[in-house]
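Quick notes on the structure that follows.
The values are calculated or read from the model by the stated rules, or taken from the named source; none is laboratory data. This is a predicted model, so every value here is computed, not measured. Note: ideal-geometry Cβ built from the backbone for every residue, glycine included; neighbour counts use all protein chains shown. The protein model used for the area step is the full one, side chains on, heavy atoms only, and it has no ligands, DNA or RNA in it. Shrake-Rupley method; radii C 1.70, N 1.55, O 1.52, S 1.80 Å.
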Amino acid sequence: MTPSAVLELTGVGFAYDRGGAFLFRDLNAVFREGQVYCVTGENGSGKTTLFNVLCGLLKPSEGRIAYYGREDVSLSPVILSRFAGGLTRTFQTPVLVDTLSVEDNVRLAHRSKDERFRTLFLPRQMSDADQAFETRIEALFRKLRLTSLKRERAERLSYGMRRLIATTVALATNARLVLLDEPFANVDPEHNRLLQEVIVEEAHEGERCILVIEHAYETDELTWADFICPLDEDLVPTPQVEYAYPRLTRGRRRE
């Protein structure tokens, strides 16, 4: 049985200026639940811009995007985050409050928009969603060996650890569509390996669709992904085990 489509792109293109050059164009791809997709491409090819389009921060200049089988979804980040199975993403620069602990940063990220302006430290009744989130984040912290950092102030964390915490928060949500922008950058080898395992587990066992931006160009570095999706080659998902993966130049292969 074919897994359900979570995200579908038809003829999607984007240009920053009307009438200007397209950063990418004519992207056609279907992304399904239970799979990990690695989006690759050279610097400046538009990988992060693509994520900005997919999460509603930017509107596509042409083409259609369907979420969970529906094309009539407003491209608003708030609506997309709450629509159907939900959507969550990380950014290249992790956003944490330096004066708060890792634990409190996680709670702050989980709060709804209205709650973020309240103090973190006033007692409040935990909802079922809050409790479920706490349980998931604790499990992820154990798997990624981050439990010892829970009370550490964010300002003391390395850049790689800050990125890892932001990725952990995204994975702890219930969103079925997860976009991770270079989650492995500056992460030490051990946590890198653990994160790869967690991402695969979350997709395969949690029936989630996870898209990961990566700069690696060798097949043996991308064995954790189910599909390779080179933006230079119109984002067409190709099974990782079948992909003869030479280094790419913009718009063509370099043998």
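Figures for the structure shown
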| quantity | calculated |
| --- | --- |
| Estimated inter-spin distance, Val236 and Arg156, nm [label 7 Å along Cα→Cβ] | 5.2 |
| Which of Arg162, Arg18 is most accessible, then next, and so on - probe 1.4 Å | Arg18, Arg162 |
| Accessible area, probe 1.4 Å, largest first, for residues Lys59, Lys150 | Lys59, Lys150 |
| Local electrostatic count at Cys229 - Lys and Arg +1, Asp and Glu -1, tallied over other residues with Cβ under 11 Å | -4 |
| Modelled FRET efficiency - R0 22 Å, Arg25 with Arg70, Cβ distances, 0.05 increments | 0.40 |
| Phe184 accessible area, 1.4 Å probe, all protein chains in place, Å² to nearest 10 | 20 |
| Heavy-atom SASA rank of Val6, Val30 (probe 1.4 Å, accessible area, largest first) | Val30, Val6 |
| Net charge, Met1 excluded, C-beta distance under 14 Å - Lys, Arg +1, Asp, Glu -1 | -1 |
